[in-house]
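Shown next, in structure tokens, is the structure this report addresses.
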Amino acid sequence: MSDLFFRKRKRMQELNPDEIFLDASNLSAFDNQQFEGRIEKAIGKPVFILFLFFCLTVASVFVLRVFYLEVIKGPYYQEYAKNNSLNFTPIFPDRGNIYDRNNKEMAWNDNGRKYLEAGGLGHLLGYVSLPNEKDLTEYDYHSQELVGRSGVERVYNNQLLGTKGVKIEEVNASGKSMADYIVQKPISGKDLHLAVDSRVQNKLYEIMKQLAGEKGFSGGAGVLLDVNTGEVLALTSFPEFDSNIMSVATNTAKIKEYLTDKNTPLIDRVVSGLYTPGSIFKTFVAIGALNENIITPEKVIYTTGQISVPNPYDKTKETIFKDWKNHGAVDMRKAIAVSSDVYFYEVGGGFGSQKGLGIEKIDKYALMYGLSKKTGIDLLGEEEGVIPTPEWKAKTFNGEGWRLGNTYHTAIGQYGTQITPIQMARAYAAVANDGKMVQPTVRKILPEEIKIQNTINIPDEHLQVVKDGLRDDVVYGTAMALSIPQVEVAAKTGTAELGVTKIRVNSWVAGYFPYKKPRYSFAIVMEKGERTNLVGSVYVMRQLLDWMVVNTPEYLKDT
């Protein structure tokens, strides 16, 4: 068996002569470039030895380098690392821009904060400054970050501010930057779009400023309000400050002048100014008298320019309450139009057989229309106001009792009555829109963002009488200066006497337009003018309307 296996194995090792002499030249199909047909030779030991020597050399160098860095130079690099540090540097985002309703740029960034150079925008826009100590301790502000201080810059500061980014920088002991990279990019602040038309606002301011200079008014305020949405078309206060001066804060002399000026240019009179309203208050006494059935619209009261009330403590004496003029026979519509004080003395406090509304009901209807209440406008510093009551008088005047004369004076918007212009504009808007108390806003809003705070339910027939009186005031009454062909205006004027001497007055006008399809209410007050001067707030509104007819007629249309 072993012999057979040997023979088979021997045959298997036999080679054919052709295979022995086979090379690349024998077969044309062999690829010489791929070494086909070539005899392969095994790698010799010298090559393995050389490769092994190379690997050992590289490994030795690596080990020696590690030994050098860790053992020999370790203390040096440890100390060097201690002297290096990471600086976390904030990257400030661009503050959001502010635009008016027509996308006119009103505030923007240019190596700081810039504001539109136009009068009347200071209180609305406000200004920015670097953080104070309180800001740094209570809020997450950086010492070089601009913060809104007043106006919409402050109210919408979080929206305008954006989100800071962060850059990490490695520096050595000498302060030299070794490496840096951004780990969080800044997010720019969101732009703010206002409902205000900067053109109307500027013109209203310029008219008030001019009149104050010519006639000696110490200040003024004006506001135009959308009666359906609450959006503010214009809102300005005179005097005012320059937002650019306040933000840059380098003109210290001018800033000191702002702070010490007796006419208080830093106060926004539209929301913070409290004024005795005078006869524009009669509108709400009239609504209350009709709604409480105190008087019918057609009833005539014969006025002689005054009424005399017997002194309850001394029947031989009487107190005289004067009208500003003898108006003769007046019904409610005419009483509103000619602004008869005697008529409203009687329907407000009662006289003879004429029943009076009374101070509690006067207070009720004033509050119903939001007078002396904050409107909720998106500006800071809004004041409330005062509607006099017996409780208020007792508290204010050391327990004094309420008298009939106090009711008379309150009924014509005098005595202790204090109202802001924005409250009056909202109240007249509620008259114009049949009872919807809109919340004023300086921001341009969407329809779903409109806020109706409450609805006043006064019968249409009562409300229409008052509306007729307001229209008559413009047609033939005290507001005739507002009678222009391009738009029908409904309005009420008021002259509020100030102080004991009464030599100074506040001149008011309030109303709405267009009369049949109201779009905007308005309230304008010129502050502390001379009693003998007959040119006041009505002049301001007339000049504004004349300008709007030419420049912004879109606001006067009844569509």
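Would you work out the Kirkwood radius for the range 372-413? I mean one over the mean of 1/r across all pairs of different Cα atoms, in Å.
Values: mean 1/r = 0.0830 Å⁻¹.
Over the range 372-413, the inverse of the mean reciprocal pair distance is 12.0 Å.
Phi angles of the range 417-430 translate, via the Karplus equation with coefficients 6.51, -1.76, 1.60 and θ = phi - 60°, into HN-Hα couplings of 5, 9, 9, 8, x, 5, 5, 5, 5, 5, 5, 6, 5, 5 Hz per residue; Gly and Pro are given as x.
Roughly what % of Cα-Cα distances in the range 330-411 sit above 21 Å, to the whole percent?
Details: 1367 of 3321 pairs.
Counting every Cα pair in the range 330-411, those more than 21 Å apart make up 41 percent.
Can you give me the angle between helix 282-291 and the longest principal axis of the chain, using Cα atoms only, in degrees from 0 to 90, rounded to the nearest 10? For 282-291 against the chain, the angle is about 80 degrees. Per residue, the convex hull spanned by the Cα atoms of the range 87-193 amounts to 122 cubic angstrom. Shape verdict for the range 359-501, please, from the Cα gyration tensor: rounded (a/c under 1.5), prolate (a/b greater than b/c) or oblate. Oblate, because a/c is 1.5 or more while a/b does not exceed b/c. Arranged from fewest to most other beta-carbon atoms within 10 Å of their beta carbon, LYS185, LYS492, LYS436 become LYS185, LYS436, LYS492.
Taking amide H atoms as placed 1.01 Å from N in the peptide plane, the amide H of LEU380 lies under 5 Å from those of GLY151, each 5 or more residues away in sequence or on another chain.
For the range 87-193, lysine pairs with C-alpha atoms less than 29 angstrom apart, excluding pairs fewer than eight positions apart on the same chain, total 20.
Can you give me the relative contact order of the chain as a percent, contacts being Cα pairs under 8 Å and 6 or more apart?
Values: 1124 pairs, mean separation 77.5, N = 559.
About 14 percent, as a whole number.
Against the main long axis of the alpha-carbon atoms of the chain, helix 198-215 sits at an angle near 40°.
Check the straight Cα-Cα distances from LYS528 and name the lysines below 23 Å, setting aside those fewer than 8 residues away within the same chain. By straight Cα distance, LYS528 reaches LYS203, LYS209, LYS215, LYS262, LYS282, LYS322, LYS325, LYS492, LYS502.
With n ≥ 4 as the cut-off for DSSP H runs, can you work out [θ] at 222 nm for the chain, using -39500 (n - 2.57) per run divided by the number of residues, rounded to the nearest 500?
Values: 21 runs with 199 residues, N = 559.
-10000 deg cm²/dmol, from helical runs alone.
Across the range 315-356, counting alpha-carbon atoms alone, Rg and Dmax equal 11.2, 36 Å. Footprinting exposure proxy ranking of THR264, THR441, fewest other C-beta atoms within 10 angstrom first, gives THR264, THR441.
Just add up the charged neighbours of ALA394: K/R +1, D/E -1, any other residue whose Cβ is under 13 Å from the Cβ of ALA394.
Values: positive: LYS393, LYS395, ARG403; negative: GLU391, GLU400.
Net charge around ALA394: +1.
With θ taken as phi - 60° and the Karplus curve 6.51 cos²θ - 1.76 cosθ + 1.60 applied, the whole-hertz 3J(HN,Hα) list for the range 474-485 is 7, 6, 9, x, 6, 10, 4, 4, 8, 7, 10, x Hz, x standing for glycine and proline. Across the range 519-530, coupling constants 3J(HN,Hα) worked out from phi with the 6.51/-1.76/1.60 Karplus curve, θ = phi - 60°, read 10, 10, 9, 8, 8, 10, 10, 10, 9, 6, x, 6 Hz, and Gly and Pro carry x.
First check a/c for the range 193-271, with a ≥ b ≥ c the square roots of the eigenvalues of its C-alpha gyration tensor; if it is under 1.5, answer rounded, and if not, answer prolate when a/b is larger than b/c or oblate otherwise. List each step's numbers first, then the result.
Values: a/c = 2.31, a/b = 1.45, b/c = 1.59.
Cα axes put the range 193-271 in the oblate bin.
With contacts taken as Cα pairs under 8 Å at a separation of at least 6 residues, the range 108-258 carries a relative contact order of 25 percent. Amide H contacts for THR441 (H built 1.01 Å from N in the peptide plane; partners 5 or more residues away or on another chain; cut-off under 5 Å): GLU231, VAL232. Amide H contacts for GLN184 (H built 1.01 Å from N in the peptide plane; partners 5 or more residues away or on another chain; cut-off under 5 Å): VAL166.
Here is the size of the range 99-142 from its Cα atoms: Rg then Dmax, 13.6, 39 Å.
Any read-out appearing in this document is the output of simple, stated calculations on the displayed coordinates, not a laboratory observation. This is a predicted model, so every value here is computed, not measured. A quick note on method: Cβ atoms are made from the backbone with ideal geometry, for glycine too, and the neighbour counts reach across all protein chains shown.
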